[in-house]
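*Asks:* Pasting in a structure now, in structure tokens, and then I'll have a few things to ask.
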Amino acid sequence: MSTPVLRQIGWDLLKVTRGLRPCLRHAQTFEPLQSSSFCARSIRPPTAIRTASSKAVPTRLPNPRRLRPLPFLAAGGGIFTILFASLQPFDDPIRIAQDAASSSPSDSDGGLPRYRLAEVKQHGPKSERPWVIYEDKVYDITDWVPAHPGGEVILRAAGGSIEPYWDIFSIHKSPYVREILEQYVVGRVHPIDLKDGRPLRDHIEDPFVADPARDARMRMLTEKPCNAETPNDELAKSFLTPNEVFYVRNHMWVPVVDEAESDNHNITIELPDGESKVYSVQDLKARFQQHAVTAVLQCSGNRRNDMTRYAQKTNGLQWTVGAISCAKWEGVRLRDVLADAGLSLEDPGEDAKHVQFSGLEAYGASIPVAAALDPMGDVLLAFKMNDAVLPRDHGFPVRVIVPGHVAARCVKWVNKIVVSDEESNTTWQRRDYKCFGPNEAKQDWDKYKAIQVMPVTSAITRTRLKPSTNTESDARSGQSESAGDRVVQIEGYAYSGGGREIQRVDVSLDGGETWDQAQLIDDTNLERGSKVWCWKRWKYEVGLSTIGANKNPHGEAKATLVVKATDDAYNTQPESHKSIYNLRGNLATAWHRVDFDLAAAQHSCEEGKDQE
Ligand code: MTE
């Protein structure tokens, strides 16, 4: 969209929001527009907010309205805030004497007052008038905080520079947004506190400073925010992925929730009729039956790197095979809590189409109401992971688990659940997790549905040399008989979404010309849940000389190992990434190919090492 169009829309928004100012102070949610015209519509207001342990109490939210921002702006973070901002005067700046000797501000800045960083800091998240700094200017954000669709997340930056946050929400970095922000300027940072036109480094808060330490074994893609894969060895080693090496996919920082206070962490549930009810973690633990479910979480970008390698460039983190892990989750069923909040499970009503989840930092996503209420769906609000308290990286103190669905819907640090006639308006619902055709370079975001239930996939995670001869598979296929041959054990996982069980895993040693079946490992776990939400690990043993016989036709000392899986609906994986290519590299589920280096294997035999 061109800048003039954006600008026009922005000014339209400003005009409208100025008229709505009294309501905006109490606005709770924003929904996307259906058309390009902006409108604010009244909804039935919440008449009361009830706490789970008390009767209804009068709400502090008189007559809220929902605003519908444009879908293309449905990115998490403060762009909405800025677009909805209105030109309110500021009235209480703490002015300090300008240091005339060290600067001559009036020439360049129209006489804006200068503030020391210490003074800006006083306008932190808890002050009556929060301020932020961008470059060397100071802005009073008081009046647009209540309208911020990401809730009060914008206050994270209050009292300091907003730039580290805009580095994360990079959509803000446009001249247009700057232009809007300029409406809120109240001063400049004092030159004493500036270096190269920016606040002194020591004074710029790192949003990730409180992130937890990560296990050194993780394959780190990005540290800030943390995106880290489970290492191949760990994927192969155990059915339940240990918490320390469970893959991490964070879009932002990890919110800090005081452990001692974690039982008081609240989740607000809002129903389509406007009723709200607040549950503390303690309420959830005490009042609802606890359930345990063993389920895989998988990022829609798992194996994206394969798509890039075998098709063409994809946008996004280049995950290999480790953006997937399996854990036992414990918590309460979402459907029980929604029923308690007043939603009819039998007849939720026409306005109840989606269940939206928001996390403490600003992330949000939704699932269809049918998935949330399915008695066999096992959707949880989980507090525990593999019998331990949920780790901070994985959503402490409470997260959503939607088994069989893309993990993007499993919102961590959840603090708000809204039953609505609309999907979540975030970019993570409306844009990021969709798949277009290989030819669709221009993406019409409304054309396809958001990814929910996951397709079938599999991967080779480890190849190991074992010191014995004549494997079961060799005996079956009548291949390698040679004494002294070394056995190669190929291991991996196979998984399908929607509760569909893996039926079969096919392995090829010659790039997909001939096939054999792998052995499915019998991982018994008693608390699986209503359907099969977990992966099957598999292994295949073969003599090294058999792989050698299949070496690359070009004479290279290399064989191509391939795996593909089939689930109980007989869905199977596509052969090529080219056929399923999409720019975002989502759902890269084509046959998984691994080059097996025969020369290195021979060498490893001598050394007694593994080959991955
Ligand atoms: N929830 C919040 N609040 N913030 C996030 O960044 N990432 C989502 C989902 N839930 C995310 C979130 C994505 S894209 C994935 S793949 C999973 O969390 C990853 O969960 P994990 O980090 O526990 O493995």
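We did not get these values from a lab; they are worked out from the coordinates using the rules stated. As the structure is a prediction and not an experimental result, all values here were calculated from the model. Heads up, the Cβs are rebuilt from the backbone with ideal geometry, glycines too, and the neighbour counts pull from every protein chain shown.
*Asks:* Could you sort out which of 277/353; 137/416; 224/313; 224/531; 137/224; 121/285 sit more than 27 Å apart by Cα distance in this structure?
*Replies:* Checking Cα-Cα distances, 137/416; 224/531; 121/285 exceed 27 Å.
*Asks:* Right, here's the next one. Going Cα to Cα from residue 434, which aspartates and glutamates come in below 12 Å? Please leave out same-chain ones fewer than 8 positions away.
*Replies:* Result set, ordered by chain and number: 444, 446.
*Asks:* If you don't mind, another one. For the peptides 336-349, 300-313, 220-233, what is the packing order when you average, over each peptide's residues, the other Cβ atoms within 10 Å and list the highest mean first?
*Replies:* 300-313, 220-233, 336-349
*Asks:* Once both labels are modelled 7 Å past Cα along the beta-carbon direction, what's the residue 309-residue 135 spacing in nm?
*Replies:* Going from the residue 309 label point to the residue 135 one covers 4.4 nm.
*Asks:* Let me ask something else. Could you give the length gained by full extension between residue 256 and residue 220, i.e. 0.36 nm per residue of separation minus their alpha carbon distance, to one decimal place?
*Replies:* Taking residue 256 through residue 220 to full extension adds about 10.8 nm, to one decimal.
*Asks:* Let me ask another. Determine the gain in length on full extension of the stretch residue 597-residue 489; use 0.36 nm per residue of separation and subtract their C-alpha separation, reporting nm with one decimal.
*Replies:* Separation in residues times 0.36 nm, less the Cα-Cα distance, equals 37.5 nm.
*Asks:* I've got another one for you. Measuring from label point to label point, each 7 Å out along Cα→Cβ, what is the residue 523 to residue 578 span in nm?
*Replies:* Taking the two extended label points, one gets 3.4 nm.
*Asks:* What is the calculated FRET efficiency for residue 213 to residue 347, with r their C-beta to C-beta distance and R₀ = 56 Å, to the nearest 0.05?
*Replies:* Efficiency, from the Cβ-Cβ distance: 0.70.
*Asks:* Right, another one. Below 8 Å, C-alpha to C-alpha, sequence gap of six or more: please give me the relative contact order for segment 219-432 in percent.
*Replies:* Once normalised by length, the contact order is 24 percent.
*Asks:* Shifting gears a bit: Which residues does the label zone of residue 204 cover in segment 116-139, counting backbone N under 16 Å from a point 7 Å along Cα→Cβ?
*Replies:* Under 16 Å, as judged by backbone N against the label point of residue 204, lie 117, 132-138 of segment 116-139.
*Asks:* Can I ask one more? Sort 358-365, 112-119 for me by packing, meaning the mean count of neighbouring Cβ atoms within 10 Å per residue, highest on top.
*Replies:* 358-365, 112-119
*Asks:* Moving on. Too long at a 19 Å Cα-Cα cut-off: which of 237/328; 536/564; 384/449; 442/578; 384/536?
*Replies:* The answer is 384/449; 384/536.
*Asks:* Using +1 on the beta carbon of Lys and Arg, -1 on that of Asp and Glu, and nothing else charged, what's the dipole of segment 219-432 about the Cα centre, debye to 20?
*Replies:* The calculated dipole for segment 219-432 is roughly 960 debye.
*Asks:* Suppose R0 equals 22 Å; then what is the FRET efficiency for residue 439 and residue 317 from their Cβ-Cβ distance, rounded to the nearest 0.05?
*Replies:* E between residue 439 and residue 317, to the nearest 0.05, is 0.40.
*Asks:* Quick check: residue separation of residue 126 and residue 515 times 0.36 nm, minus the Cα distance between them. What number comes out in nm?
*Replies:* 133.7 nm
*Asks:* What ranking of 412, 328 emerges when the number of other C-beta atoms within 10 Å of each C-beta is taken as an exposure proxy, fewest first?
*Replies:* Neighbour counts put them in this order, fewest first: 328, 412.
*Asks:* Another question, if that's okay. Can you tell me which of 507-519, 576-588, 534-546 comes out highest on packing, and rank the rest after it, using the mean Cβ neighbours within 10 Å?
*Replies:* For the peptides 507-519, 576-588, 534-546, the packing ranking is 534-546, 576-588, 507-519.
*Asks:* Turning to a different aspect of this structure: Report the Rg/Rh value for segment 318-450, based on alpha-carbon coordinates and the Kirkwood definition of Rh.
*Replies:* Rounded to two decimals, Rg/Rh equals 0.98.
*Asks:* Excluding same-chain residues fewer than 8 positions from residue 126, which aspartates and glutamates have a Cα within less than 16 Å of its Cα?
*Replies:* Correct list for residue 126: 92, 140, 143, 152.
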